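Notes follow the structure.
Values quoted throughout were computed directly from the atomic coordinates according to the rules given, and no laboratory measurement underlies them. Because the structure is a prediction, the values reported are computed rather than measured. No Cβ is skipped: glycine too gets one built from the backbone with ideal geometry, and neighbour counts run over all protein chains shown.
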Amino acid sequence: MIIAFWLSLFLVFYTFFGYGILLYALVKIRVAIKGRRAIPDNGGNWPSLTLIVAAYNEEDFIVEKIKNTLQLNYPADKVQLVFVTDGSSDRTPELITAYPQIKLMHQPGRSGKIAAVHRAMKEVTTDIAVFTDANTFLNKDALVNIARHYADPSVGAVSGEKRVSIEDVADATAGEGFYWKYESKLKTWDSELYSVVGAAGELFSVRTSLYVPVEPDTILDDFMISMLIAEKGYRIVYEPMAYATESGSENIKEELKRKIRIAAGGIQSIMRLKPLLNPFKQFTLTFQYISHRVLRWTVTPFLMLLALLLNGIIVADNGGFIYTALLACQTLFYGFSLLGFIFEKRQIKIKPFFIPYYFCMMNYAVIAGIRRYIKGSQSAVWEKSKRK
């Protein structure tokens, strides 16, 4: 029982903090031996690029998105802009037609985002394809900062940074902004060590020649598309100077809905990326993949519950001061999470309680997502979360 407790506690700590500490140390060692990874110089020879925006009923955001897109820096003769609006029943397609610089691909039936992306990709002839969401806004040099990495032939995909705009007086969704800041740091170190483990759909790119259409029922299409490229032996680079900004979820209910979908997609991805679990093929990538993704999406949430249960049993059996102190710490943490839940319901805004609440919500979402995947009740068609 004691061994099971310590193993559970270790894996929980490793998943959320230990991997970050180890990764930081490994990056320091690598930099000391080989130096930092340099961004290659393309000598002004920019690759041709297509920016693809899949939009579904985005009339509230689409004009602002178009204006943001048209302001992006990139050689005009090297860039094409494509907006895909399959199934949109509002004024989104109509609003796009007012901008002749943009190619509109529209059809009345809705088959989901990935089907729309596959349809667009059939017509892409440029070197690079860049994907971004309709409700996110890119920094002016995002395309330039992404494209420069492709001068390195080992790079198969480049992921931008997701930034969540959180107000100072935010509610429990304040934990979302904290989470993404921590994730960004981990991705920076992952990229420096070897490769990012999957790209975020808000902004990522691939070599067109390496693009593989994923199955139509794929839930996390951005993750799968990028990881299938990594599986071929190419690196996924993280570029924080290319970023997509979006507002936080409208409330914790909307964020939970989004997290459960991601968790269901995570399990689906693990089932479909079995070769990446083989350390004899690409050891470093497998190490990063298991440490950064697989543990979070599988056993860790259950180990949190097991560690608490076993800790309580050990203390009840007169386990001693160390176990009592650990149980007190766990109880305090979950107590703070419960207070965060209560404050959220009563709309009392005290941020320190929202971070443990968000952390527990995130892990509950994994359990709910696994259940939804097993039941086969998670659709691949994206149900948009409401944003602030």
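Of note:
- Put in line by how crowded their Cβ is, counting other Cβ atoms within 10 Å and starting with the fewest, Met304, Met271, Met241 read Met271, Met241, Met304.
- Viscosity 1.002 mPa s, 20 °C: Kirkwood-radius Stokes-Einstein D of segment 201-247 over Cα pairs, µm²/s: 180
- Estimated vicinal HN-Hα couplings, Hz - segment 330-335 in sequence order (Karplus 6.51, -1.76, 1.60; Gly, Pro = x): 5, 4, 5, 4, 5, x
- Gaussian network model of the chain, springs between alpha carbon atoms under 10 Å - residue of Ile29, Ile66, Ile322 with greatest fluctuation: Ile322
- In sequence order, segment 360-365 has phi-based couplings of 5, 4, 4, 6, 4, 4 Hz under the Karplus curve 6.51 cos²θ - 1.76 cosθ + 1.60, θ = phi - 60°, and Gly or Pro positions carry x.
- What the Cα atoms of the chain give is an Rg and a Dmax of 21.9, 75 Å.
- Among Val124, Val197, Val158: highest mean-square fluctuation, GNM of the chain, C-alpha pairs under 10 Å: Val124
- Between helix 19-34 and the chain: long-axis angle, C-alpha atoms, 0 to 90°, nearest 10: 60
- Taking every Cα-Cα distance in segment 19-65 and sorting them into 5 Å bins starting at zero, the pair-distance distribution P(r) comes out as 5, 13, 11, 9, 8, 8, 14, 17, 10, 4, 0 percent.
- q = 0.20, 0.22, 0.23, 0.25 Å⁻¹, segment 1-89: log10 I(q)/I(0) [Debye, one scatterer per Cα]: -0.94, -1.04, -1.10, -1.22
- Amide H contacts under 5 Å for Asp127, placed H, 5+ residues apart: Ser48, Leu49
- C-alpha long axis of helix 2-13 to longest principal axis of the chain, angle in °: 30
- Straight-distance candidates among the aspartates and glutamates for linking to Lys67, with alpha-carbon spacing under 16 Å and chain neighbours fewer than 8 residues away dropped: Glu58, Glu59, Glu94, Asp133, Asp141, Glu246.
- Looking at the chain alone, DSSP beta bridges between its own residues are antiparallel in about 30 percent of cases.
- Cα shape, segment 70-172, gyration tensor, a/c 1.5 rule: oblate
- Whole-Hz Karplus values for segment 185-198 come out as 5, 4, 5, 4, 6, 4, 5, 5, 5, 7, 8, 5, 9, x Hz, taken residue by residue from phi with 6.51 cos²θ - 1.76 cosθ + 1.60 and θ = phi - 60°; glycine and proline positions read x.
- Where only DSSP H runs of four or more residues are counted, the chain gives -15000 deg cm²/dmol as its mean residue ellipticity at 222 nm, each run worth -39500 (n - 2.57).
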